[in-house]
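K.L.:
Could you have a look at this structure, given as structure tokens, before my questions?
The values are calculated or read from the model by the stated rules, or taken from the named source; none is laboratory data. What you are looking at is a predicted structure, and each value in this text was computed from that prediction instead of being measured. Cβ: placed from backbone, ideal geometry, glycine included. Neighbour counts: every protein chain shown. SASA here: full protein model, heavy atoms, side chains in, ligands and nucleic acids out. Shrake-Rupley method; radii C 1.70, N 1.55, O 1.52, S 1.80 Å.
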Amino acid sequence: MAKSVRVRFAPSPTGHMHVGNLWVAFLSYWSARHQDGEYIVRIEDVDTQRSKPIYAEHILEDLSWLGFTWDEAPTYQSERLDIYERYLQELHSQKRLYPCYCNRARLQEISSAPHQGEANHVYDGYCLTHEPTIGERPPSWRFHMENIKGSFLDIYRGTIDYEIQSCNDDIVLKRWDGMIAYHLAVVIDDYEMGVTEVVRGNDLLPVTGHQIALAQALGFPSLQYGHAPMLVDAEGYRLSKRQQSITIRDLQNQGATPERLWAWFALETGLLTKGDLPLSGHIGLSELLEITIPKKLLKQDTIKLTNFDIMV
Ligand code: GLU
């Protein structure tokens, strides 16, 4: 029997839910429901400095208001730290982890070249090849990568090739202050929660290979990935990074109903054209689930939104 499809939406509660989150929430929901699968919500609050419980609460409220339902109680990463520790022990015993005492200044120095401005996390393997220069603070723990040339089939974008370099791509799995890194939590949770499909923004494409390598080291089966276009404004700025990224709460405060908001969203993202909308000009999530999403739409790197005046 085929394994049942489980798709997750995994917001980080570091702010209010914005239109960029809504895009990923919708695409993952659409995918789950079209495959008769389950939809699960995971609150990624492992970054205790940036996450706030009130945002998690508001994200769940906003999702409900928009018409989403999920098939089991939301999971909170902050309640799963012992699970992450257990897997860290396993990686320790496989000798895949090593302590890193490099400070921030050194890390900045080595990652400033050659791709300035890119979000790369290049390391040089210093603490693997040198006697540790034990500093004042505890070490962070890095996962030692093997050289890998791999590929995976992205449901939106087709075959994606990736290359991982030993040392350069040795990612931190536990920070010196004890915080569990995003990569570790996400890989373990997707496995432990039986996730089969990951729909997320394509800003995470550069780290998918790292996550696949980590999952393989832990013996986890592979996942389906769908990396969705980023929503940008007229100047090309990502909505999530806009100074005033529009939140669902802002739109509610402008007087939007869920149906008005969905209609605006569907037109702006290109899910629907004006002619596809019901005469009322409004549409609910359950009706929007019925649509076929044009394949070409999701192949793009970005989708430009130009009209933020939702009530017009
Ligand atoms: N929590 C991440 C975010 O909100 C998503 C991580 C993922 O989907 O792998 O951007």
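K.L.:
Hey, got a sec? Which GluC sites (Glu not before Pro) in region 196-284 land in a DSSP loop and have at most 13 other Cβ atoms within 10 Å? It would help to have the intermediate numbers written out before the result.
P.N.:
Numbers: sites: E197, E235, E259, E268; in loops: E235.
Answer in residue order: E235.
K.L.:
Another question about this same structure. Which of the peptides 210-216, 50-56, 226-232 is most tightly packed, and how do the rest follow, going by the mean number of other Cβ atoms within 10 Å of each residue?
P.N.:
On the way: 210-216: 20.0, 50-56: 15.3, 226-232: 22.0.
Ranked from most to least packed, the peptides come out as 226-232, 210-216, 50-56.
K.L.:
Return the carbon/sulfur percentage of the accessible area of region 194-244, one whole number, probe 1.4 Å, all protein chains in place. Before the final figure, lay out each step's value.
P.N.:
Numbers: 1000 of 2130 Å².
The computed percentage sits at 47.
K.L.:
For the chain, with every protein chain kept in place, what is the accessible area per residue (1.4 Å probe, Å²)?
P.N.:
Normalised by residue count, the accessible surface of the chain is 51 Å².
K.L.:
Given 10 °C and 1.306 mPa s, how large is the Stokes-Einstein diffusion coefficient of region 120-182 in µm²/s, with Rh as the Kirkwood radius over Cα pairs?
P.N.:
Value of D from the Cα-based Kirkwood radius: 117 µm²/s.
K.L.:
Need one word for the chain: rounded, prolate or oblate. Basis is the Cα gyration tensor (sqrt eigenvalues a ≥ b ≥ c); a/c below 1.5 gives rounded, then a/b vs b/c decides.
P.N.:
Working: a/c = 1.91, a/b = 1.78, b/c = 1.07.
Prolate, since a/c reaches 1.5 and a/b exceeds b/c.
K.L.:
Please compute the modelled spin-label separation between A105 and E163, points set 7 Å along Cα→Cβ, answer in nm with one decimal.
P.N.:
About 3.3 nm separates the two model spin labels.
K.L.:
Given a 1.4 Å probe and heavy atoms of the protein chains only, how would you sort D169, D71, largest accessible area at the top? Don't skip to the end; give the middle numbers.
P.N.:
Values: D169 30, D71 75 Å².
Putting D169, D71 in descending order of accessible area: D71, D169.
K.L.:
How much length is gained on full extension from E79 to I291, taking 0.36 nm per residue of separation minus their Cα-Cα distance?
P.N.:
Numbers: separation 212, 0.36 × 212 = 76.32 nm, distance 3.68 nm.
Extra length from E79 to I291 when fully extended: 72.6 nm.
K.L.:
Find how much the distance from Q252 to T302 grows on full extension, using 0.36 nm per residue of separation minus their present alpha carbon separation; answer in nm with one decimal.
P.N.:
In short, 15.5 nm is gained.
K.L.:
For the chain, which cysteines have no disulfide-compatible partner, meaning no other cysteine Cβ under 4.7 Å?
P.N.:
C102, C167
K.L.:
Does region 235-307 come out rounded, prolate or oblate by the C-alpha gyration tensor, with a ≥ b ≥ c the root eigenvalues, rounded set by a/c under 1.5 and, if not, prolate when a/b is larger than b/c and oblate if not? Walk me through the intermediate numbers first.
P.N.:
Details: a/c = 2.18, a/b = 1.11, b/c = 1.97.
Note, shape of region 235-307 comes out oblate.
K.L.:
For D154, which sequence-distant residues (separation of 5 or more, or a different chain) have an amide H within less than 5 Å of its own amide H, given hydrogens modelled in the peptide plane?
P.N.:
Amide H neighbours of D154, under 5 Å, 5+ apart: T159, I160.
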